[in-house]
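Step one of this worksheet: look at the structure below.
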Amino acid sequence: MAFNYHRELQAWVVPLLLVGFFAYLMSHNFLSVFEVTADAMLLCFAIDMETNDGTAEKPYFVDQELLTFVSQSNKLTEGRKHRNTRSLQDNEDGTELQPMV
């Protein structure tokens, strides 16, 4: 009786583990392809910004939506940096390490 209980337990655990493992492999492969694609797009964006200046002779080839998204992200980041440096300037000590005398 006790052996039949363990046999039933293994009957549904092993397929469940196999399905979970293969689902993990498939999702990992999909997300790896997605990650490589996103990295390639951002690398192309960086090269486009570096080589072109947006004039008529050297126009940007990047999508306009991506360009506005990155510029808005930069504005938000600059605002946070400005806020953080201002609060450090108000506090004379800040978080900077002082040399030992």
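No value in this document is a laboratory result; all are computed from the given coordinates. On a predicted model such as this, the values are computed, not experimentally measured, just so you know.
In nm, what is the difference between 0.36 nm times the number of residues separating Ala23 and Tyr60 and their Cα-Cα distance?
On the way: separation 37, 0.36 × 37 = 13.32 nm, distance 4.06 nm.
Additional length available on full extension: 9.3 nm.
Using Cα-only point scatterers and the Debye equation, what is log10 of I(q)/I(0) for segment 26-81 at each q in 0.13, 0.15, 0.21, 0.28 Å⁻¹, rounded to two decimals?
-0.47, -0.59, -0.88, -1.06
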